[in-house]
Amino acid sequence: MLERIAHVALRIGTTLAQSGASVRVVHEGARLVTSGLGAEVLGMRSGYASFEITVAMGPLTTTRMMQIGPHGVNHRLDFAVRDLAVRASQGGMTPEEISAELLRLVQETPRHPPWLVAVATGLACAAFGRLLGADWPSFVPTLLAAGLGQRIRHALLAHHTNVFVVAGIVGYFAAALGCIGARLAGSSTVELAMMASTLLLVPGVPSTNAQTDIMDGYPTMGSARAITVIMIMVFAVTGVWLAEFLLRIHA
Amino acid sequence: MSEMWLAILPHLAHQAAFGALAAAGFGVLFNFGGRTLLWCTLAGALALAARTLVQQFGGSLEAGTFVASLTTSCAAILAQRWLGPTSSAVALAGCIPMVPGAFFGQAMLGYIAVAADTSGTATAQLVAASQAFVRVVTIVGAIGAGLAIPAYLMKSRQF
C-alpha cells in the first residue's frame, strides 16, 4: 500500500513540475495526496530531473524516486492536477483511482491547436517589437517570422530534439526570416525586428520560477532553472548571431 | 495638468495595448483557458501602463518594471474573488511582456563582438554589453521581487 501511495504522490508531483509549477506547489500537491491516502510525508527532495519522496504509515516507511520529464508550461493541466490533489486530500479515493484520474487529465486536458499557438506567438512577438520601438512596416514580418519559428519549434520538440539545439535552430530561422521580411517591407528597424522575432524563445516563466524557488528555500532547483534559462538564451542568441553574420547585419 | 496627461495618453495607450497583446499571445502559448486569457490580457495592459507611467515621470526602466510587477501582483490578489487560485499565474502572465529578452540578446551579441575584436578598441562595446547584462539581471530581479513581495505579505500564496 505504502509503495502505491508513494508512486501516485510522485506522479502528481512530476506532472506538476513538468507543467511549470514551482517546487513549493509540487511538494504541496504530493503532500495533499499522501495525507488523503492516510500516510504521512517524512521528506521530499526536488531536483531538476528527479523527484524523491519518503512516506510513512505507522512504523513502515518507504522512499521512492521518479524521473521528471521535459519541463514546460501548461496552465490548464497544472491547475487541473492541483484540483485533483485537493480532491484526493479529502479522502475517499484509492491510489489507483487518483492515478487513473491523473492519466485522464494528462490525456484529455484541452490544448490550443498548434496553428492558433503559432499565430498567437507571432502576434506576441510583433507586439514585443512595438514595445521595443520597432516601426510599423516590421510588424507583419515579425509576426510571420515568429509564427513560423513557433511551428518549427513545435515540430522539432515533437521529434524529441534537444531543447538547446531547438533554441539555436529556431533563433536562426526566426531571426533570418524577420530580417529578410523587414527589409522587404522597407523597415528602418531591421535589427529590432530580428530580435523581436526570436523573443518566443525567452523562458519567462522558468526565470521567475527560479527566483520563487530560491525565495521559498529551494536554491538547488532555483539555480538549476536559472542556468537552464541562461543556456537556452545563449543558444538562441547564437542562432541570431549566425543569421546576422550570414545576412551581413552589423550591430 | 490635464495637458500633460493628454500628451502622455497616446504613448500610454500604445504601450498598454501592445502589452495586452503580448500577454495574451504568451497566455495562449502557456495554454491558459478562455476566461483566464482575458484576465491575462488585462494584466498585461495594467503592467505596461504602470511601467510607462513611472518612466514618463522620470523613473528608470528597472524602477518602472518593479512598480509594474508590484501593481499587477496586488491587483491580481485583490481580484482573487473572481480569479480564484489562478491569480498568481495571471499576474505572472501579465509581467511576461516586461521580461528583458532583447537586452539579453544585446548583451550576448556584444560579448561575441568583443571576443572577435582584434583591434584592441572594444572597450566601449564591452561596457555596452555589460550594461545590457546588468539590466537583464536587475529587470528580471525587479519582476520576481515585484510579483513575490505582495504575495508573501498578503499571505495569498495558495495552492
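Overview of values
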read-out	value
Axial C-alpha extent at least 27 Å, average Kyte-Doolittle at least 1.6 - helices from chain B (DSSP)	none
Estimated 222 nm signal from helices in the protein assembly as shown, with DSSP H stretches of n ≥ 4 weighted -39500 (n - 2.57), rounded to 500	-24500 deg cm²/dmol
Added length on full extension, which subtracts the Cα-Cα distance from 0.36 nm per residue, residue B:2 to residue B:125	40.1 nm
Shielding by partners, peptide A:125-136 (average Cβ within 10 angstrom, other chains)	5
Kirkwood hydrodynamic radius (C-alpha pairs) into Stokes-Einstein, the protein assembly as shown, 25 °C and 0.890 mPa s, D in µm²/s	111
Pairs of Cα atoms farther than 19 Å apart, segment B:43-134, %	54
Fluctuation leader among A:139, A:79, A:235 - chain A, Gaussian network, Cα springs under 10 angstrom	A:79
Options A:199, A:119, A:138, ranked by Cα towards positive dipole end of segment A:114-246, top entry (Cβ charges)	A:119
In range of the label at residue A:100: residues from segment A:15-48 whose backbone nitrogen is under 18 Å from the point 7 Å along Cα→Cβ	A:37
Two-decimal log10 I(q)/I(0) for segment A:1-100, as the Debye equation yields it once each C-alpha is a single scatterer, q = 0.14, 0.21, 0.22, 0.25 Å⁻¹	-0.43, -0.98, -1.08, -1.36
Unit charges on C-beta of K, R, D, E only; dipole of chain A, Debye	340
Distance in nm between pseudo-label sites at residue A:4 and residue B:82 (7 Å out along the Cβ direction from Cα)	4.5
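Readers should treat all values here as calculations from the given coordinates under stated rules, not as data from a laboratory. What you see is a predicted model; the values in this text were computed from it and never measured. Counting neighbours? That spans all protein chains shown, and the Cβs are built from the backbone with ideal geometry, glycine included.
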